[in-house]
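Novice: My questions will all concern the structure given below.
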Amino acid sequence: MYRILVSDPVAEEGLALLQEHFRVDVRTDLPEDELVEIIKDYDALVVRSGTQVTSRIIEAGKNLKIIGRAGTGVDNIEVDAATKRGIPVVNAPEGNTLAATEHTIAMMLALARNIPQANMSLKQKQWKRSKFMGIELNDKSLGILGLGRIGREVARRANAMEMRCLAYDPFISADRARELGVELMPLDDVIRNADFITIHTPLTKETKHVINAQRIALMKKGVRIINCARGGIIDEKALLEGLKSGKVAGAALDVFEDEPPLKSPLLELENVIVTPHLGASTVEAQQNVAITVAKEIIAVLQGEQAKYAVNAPTIPSELQDRIEPFATLSEKMGRFLIQLLEGRLESVDLVYGGEIGQFSGNTRIITRHVLKGMMDPILQTPANIINAEYIARERGITIRETVTEESHGFKNLITISAKTDRMGETMSGSVLMKGISRIVSIGGYTMDMIPEGYVIVSRHLDKPGVIGRASTILGEANINIAGMQVGRINPGEEAIMVLNVDSEVPPDVMEKIRTKVGIFTARFVKL
Ligand code: NAD
Ligand code: MLT
């Protein structure tokens with residue numbers, strides 16, 4: 001029975017689901033050294049944002065098959081270390097969107113009307129009405145940085161409150177923004193024009209300290225800033241100065257550069273309101289994310305694909321069934337091709353033709369299967385679709401993908417050309433119908449071959465007796481030929497022979513075939 005370690009508090013509903021299938025240990029607040037010590041016994045690790053899943057922990061997790069993050073951000077997980085080991089990292093990106101959205105709106109209203117300060121003052125038996133004069137949101141400009149899941153929901157609610165929404169998100173089209181009632185503009189224009197600025201981007205190299213002293217200088221005097229995304233997107237020193245100088249009228253922060261921010265001078269300022277990273281802390285969100293992650297872990301440990309792997313290309317669910325036959329064929333083609341090659345692999349070119357064009361934007365998953373097929377036979381530990389591309393790129397292999405309408409008479413055609421420092425080889429395959437695929441050419445020779453079982457591929461001189469001699473050698477070794485394809489371009493010149501055989505061909509038998517007159521090369525392939 002698989003063993004699951006849950007190292008942060010996760011909602012009961014998710015734990016119950018996991019417990020139906022696996023042995024689950026909940027052990028929170030473990031120091032890194034202890035996690036490194038015990039992780040080898042577990043097949044899956046489930047965390048929220050508390051556990052720092054370092055490369056040391058990932059390396060020590062010899063049996064780890066999946067890491068689940070009950071939440072959105074995976075910045076507490078060293079994803080590259082997991083990718084390298086072929087471990088999928090899954091998150092629950094949708095379950096807490098509304099919780100974080102509503103928290104943002106709550107923070108914006110609280111900031112506009114000084115609710116936390118007024119609440120505290122009255123509880124200290126003071127009745128100070130003029131001190132807590134607020135401002136209205138109506139007719140104010142809200143600058144949204146990051147128009148993803150949460151940014152969009154914030155925009156919808158801000159529009160309902162008749163705010164004017166401006167946004168910066170380099171990965172969203174102006175049309176999509178318009179549909180959301182948002183004006184997309186360059187970052188500094190948002191910064192200059194907003195009365196309120198709210199952040200909804202991930203923390204990345206590009207977004208780190210995107211709100212800094214220079215940008216604060218560009219802001220309107222009296223701007224209010226909300227961050228319910230990630231600490232570190234705002235330079236807290238610059239914010240502190242902005243707040244002290246009065247340039248920034250107020251800030252509402254749910255996240256901090258260092259959490260918990262117990263020594264932060266920001267906590268001393270009256271115009272700063274804070275919550276201890278509560279954006280996702282609703283009963284509903286915690287149930288949602290725990291259930292999503294539990295389902296992902298169950299799926300992956302039962303051999304299915306993850307829906308939300310952050311280190312694998314995700315395919316829209318409506319395409320999954322349609323892409324699957326191409327993924328299966330392409331993996332076999334990759335496995336086949338690598339066994340025909342000699343030398344150090346330098347490049348892999350993939351051409352997706354015909355109806356595969358419909359998947360445009362989602363062909364990377366097919367490419368990952370090709371690379372898995374190619375890497376698997378040459379590695380000590382098996383490659384998978386998580387680490388195959390990483391391994392290939394780490395070895396300096398160039399990978400190029402082209403999508404074209406051209407498919408040479410087939411409804412769909414996958415062509416893979418691979419080059420090593422010593423040779424090149426090309427192979428094409430097609431999915432004829434669900435469950436039926438064929439290799440339709442190797443090295444430019446047309447054929448109709450089922451990509452399964454044991455195969456001998458030879459290049460020989462097209463003259464009488466060569467094929468017969470090879471068949472005799474196999475017969476003498478008691479190896480049955482199940483199918484044969486021969487192809488040539490011009491009579492009497494080089495030709496190809498592809499034999500499907502019923503059992504493995506020992507190296508000495510292959511050697512006999514290779515040394516027969518007329519055979520140039522012969523390779524044995526296991527699919
Ligand atoms: P998302 O991936 O749906 O959206 C992020 C958006 O940011 C995307 O549209 C992306 O295009 C955009 N973006 C990326 N780089 C950018 C850049 N340099 N400049 C501008 N835009 C950029 O993510 P989401 O689910 O909306 O989450 C947003 C943030 O909120 C994340 O940081 C997430 O970790 C955080 N979050 C916090 C809490 C909390 O408890 N406070 C809860 C949930 C999510
Ligand atoms: C998230 O990224 O989902 C949030 O930060 C909430 C959490 O820490 O779980």
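The values are calculated or read from the model by the stated rules, or taken from the named source; none is laboratory data. Not measured: the values here are computed from a predicted model. Here the Cβ is made from the backbone with ideal geometry for all residues, glycine too, and neighbour counts use every protein chain on show. Just so you know, the surface numbers come from the protein's heavy atoms only, side chains and all, with ligands and any DNA or RNA stripped out. Shrake-Rupley method; radii C 1.70, N 1.55, O 1.52, S 1.80 Å.
Novice: Could you work out how much longer the chain between Leu267 and Lys411 gets when fully extended? Use 0.36 nm per residue separation minus the Cα distance between them, nm to one decimal.
Specialist: On the way: separation 144, 0.36 × 144 = 51.84 nm, distance 6.41 nm.
Length gained, Leu267 through Lys411: 45.4 nm.
Novice: Output the peptides 462-473, 120-131, 336-347, 224-235 sorted from most to least packed, where packing is the average of other Cβ atoms within 10 Å over each peptide's residues. Before the final figure, lay out the partial values.
Specialist: Numbers: 462-473: 15.4, 120-131: 9.3, 336-347: 17.5, 224-235: 24.2.
Packing order, densest peptide first, comes out as 224-235, 336-347, 462-473, 120-131.
Novice: Further, regarding this structure: Full-extension gain between Met433 and Glu183, please, as 0.36 nm times their residue separation minus the C-alpha to C-alpha distance. Please report the intermediate quantities before stating the final value.
Specialist: Values: separation 250, 0.36 × 250 = 90.00 nm, distance 4.61 nm.
Separation in residues times 0.36 nm, less the Cα-Cα distance, equals 85.4 nm.
Novice: Take the Cα coordinates of the chain, assign each an equal point scatterer, and use the Debye formula without solvent to give log10 I(q)/I(0) at q = 0.11, 0.13 Å⁻¹.
Specialist: -1.02, -1.23
Novice: I would also like to ask the following. What is the Rg over Rh value, at two decimals, for segment 403-455, using alpha-carbon atoms and the Kirkwood definition of Rh?
Specialist: Working: Rg = 12.0 Å, Rh = 12.1 Å.
Rg/Rh: 1.00.
Novice: If the convex hull of the alpha-carbon atoms of segment 205-331 is projected onto planes in all directions, what is the mean projected area in square nanometres?
Specialist: On the way: hull surface 47.0 nm².
Reported value for the Cα convex hull: 11.7 nm².
Novice: Kirkwood hydrodynamic radius of segment 48-139 from all distinct Cα pairs, in Å? Don't jump to the answer; show the numbers that get you there.
Specialist: Details: mean 1/r = 0.0595 Å⁻¹.
Averaging 1/r across every pair of different Cα atoms and inverting gives 16.8 Å.
Novice: Could you state, as a whole-number percent, how many of the C-alpha pairs of segment 82-135 are farther apart than 13 Å? Walk me through the intermediate numbers first.
Specialist: Details: 1014 of 1431 pairs.
Beyond 13 Å sits 71 percent of the P(r) for segment 82-135.
Novice: Roughly how far apart, in whole Å, are the Cα centres of segment 22-79 and segment 81-100?
Specialist: 13 Å
Novice: From the C-alpha coordinates alone, can you work out the Kirkwood hydrodynamic radius of segment 285-336, in Å? Present the calculation step by step, with values, prior to reporting the outcome.
Specialist: Details: mean 1/r = 0.0784 Å⁻¹.
One over the average 1/r among Cα pairs gives 12.8 Å for segment 285-336.
Novice: Can you pull the percent of segment 1-111's accessible area that's carbon plus sulfur, 1.4 Å probe, other chains left in place?
Specialist: Numbers: 2160 of 4470 Å².
Exposed carbon and sulfur together represent 48 percent of the surface.
Novice: Quick one, can you get me the convex hull of the C-alpha atoms of segment 375-527 expressed as volume per residue in Å³?
Specialist: On the way: hull volume 23.2 nm³, N = 153.
That works out to 151 Å³ per residue.
Novice: Between Glu504 and Leu319, what's the calculated FRET efficiency when r is the beta-carbon distance and R0 is 35 Å? Round to 0.05. Present the calculation step by step, with values, prior to reporting the outcome.
Specialist: Numbers: r = 37 Å, r/R0 = 1.06.
Once the sixth-power term is evaluated, E becomes 0.40.
Novice: Just subtract the alpha-carbon distance of Glu259 and Ala60 from 0.36 nm times their residue separation and send over the number in nm, one decimal. All intermediate terms of the calculation are to be shown ahead of the outcome.
Specialist: On the way: separation 199, 0.36 × 199 = 71.64 nm, distance 2.61 nm.
Net length gain for the segment: 69.0 nm.
Novice: Oh, and also: Assuming 1.567 mPa s and 4 °C, estimate D for segment 8-163 with Stokes-Einstein, Rh taken as the Kirkwood radius over Cα pairs, in µm²/s.
Specialist: Values: Rh = 18.9 Å.
Stokes-Einstein gives a translational diffusion coefficient of 68 µm²/s.
Novice: Right, something else. Bin width 5 Å, origin at 0, all Cα-Cα pairs of segment 478-527: what percent of pairs per bin?
Specialist: 4, 17, 26, 27, 16, 7, 2
Novice: Would segment 140-192 count as rounded, prolate or oblate if I go by the C-alpha gyration tensor, calling it rounded below 1.5 in a/c and otherwise prolate when a/b exceeds b/c, oblate otherwise? Can you show the working numbers first?
Specialist: Numbers: a/c = 1.62, a/b = 1.15, b/c = 1.42.
It comes out oblate by the Cα gyration axes.
Novice: How big is the gap, in Å, between the Cα center of segment 145-165 and the Cα center of segment 262-329?
Specialist: Each part's Cα centre sits 21 Å from the other's.
Novice: Under a no-solvent Debye model with one identical scatterer per Cα of segment 288-374, what's log10 I(q)/I(0) at q = 0.14, 0.17 Å⁻¹?
Specialist: -0.59, -0.80
Novice: Skipping prolines and chain starts, which residues have an amide H placed within reach, meaning under 5 Å, of the one on Ile226, given they are 5 or more residues away or on another chain?
Specialist: Here the answer is Ile197, Thr198, Ile199, Ala252, since their amide H atoms fall under 5 Å of that of Ile226.
Novice: What do you get for Rg/Rh of segment 152-257 when both radii come from the Cα atoms and Rh is the Kirkwood radius? Kindly include the intermediate steps, with their values, before the conclusion.
Specialist: Details: Rg = 13.3 Å, Rh = 14.1 Å.
Ratio value, two decimals: 0.95.
Novice: Using the C-alpha gyration tensor of segment 350-406, what are the square roots of 5 times its eigenvalues, in whole angstrom, with the largest one first?
Specialist: Numbers: eigenvalues 112, 23, 15 Å².
Those come to 24, 11, 9 Å.
Novice: Listed highest first by mean packing, meaning other Cβ atoms within 10 Å per residue, what order do 310-323, 357-370 come in?
Specialist: On the way: 310-323: 15.6, 357-370: 19.7.
Highest to lowest by the protection proxy: 357-370, 310-323.
Novice: Which pairs break 29 Å Cα to Cα here: Lys65/Lys332; Lys205/Lys332; Lys84/Lys419; Lys140/Lys307; Lys131/Lys263; Lys65/Lys237? All intermediate terms of the calculation are to be shown ahead of the outcome.
Specialist: Values: Lys65/Lys332 23 Å; Lys205/Lys332 38 Å; Lys84/Lys419 24 Å; Lys140/Lys307 39 Å; Lys131/Lys263 27 Å; Lys65/Lys237 41 Å.
As for pairs spanning more than 29 Å Cα to Cα, those are Lys205/Lys332; Lys140/Lys307; Lys65/Lys237.
Novice: Find the Rg to Rh ratio for segment 92-188, where Rh is the Kirkwood radius over alpha-carbon pairs and Rg uses the same atoms. The partial results should precede the final answer.
Specialist: Values: Rg = 16.1 Å, Rh = 14.9 Å.
Taking Rg over the Kirkwood Rh, I get 1.08.
Novice: If you project the alpha carbons of segment 1-83 onto the principal axes, what extent comes out on each, in Å, largest first?
Specialist: Result, largest extent first: 30, 26, 23 Å.
Novice: Could you tell me the distance between the Cα centroids of segment 422-477 and segment 376-399, to the nearest Å?
Specialist: If you average the Cα positions of each part, the centres end up 26 Å apart.
Novice: Out of the GluC sites (Glu not before Pro) in segment 251-285, which ones are loop residues according to DSSP with at most 15 other C-beta atoms within 10 Å? Spell out each step's value before the answer.
Specialist: On the way: sites: Glu257, Glu268, Glu270, Glu284; in loops: Glu257, Glu270.
Those satisfying the criteria are Glu270.
Novice: Compute the label zone of Ser173 within segment 351-385: residues whose backbone N is under 17 Å from the point 7 Å along Cα-to-Cβ.
Specialist: Only 358-362 fall inside the zone, counting backbone N under 17 Å.
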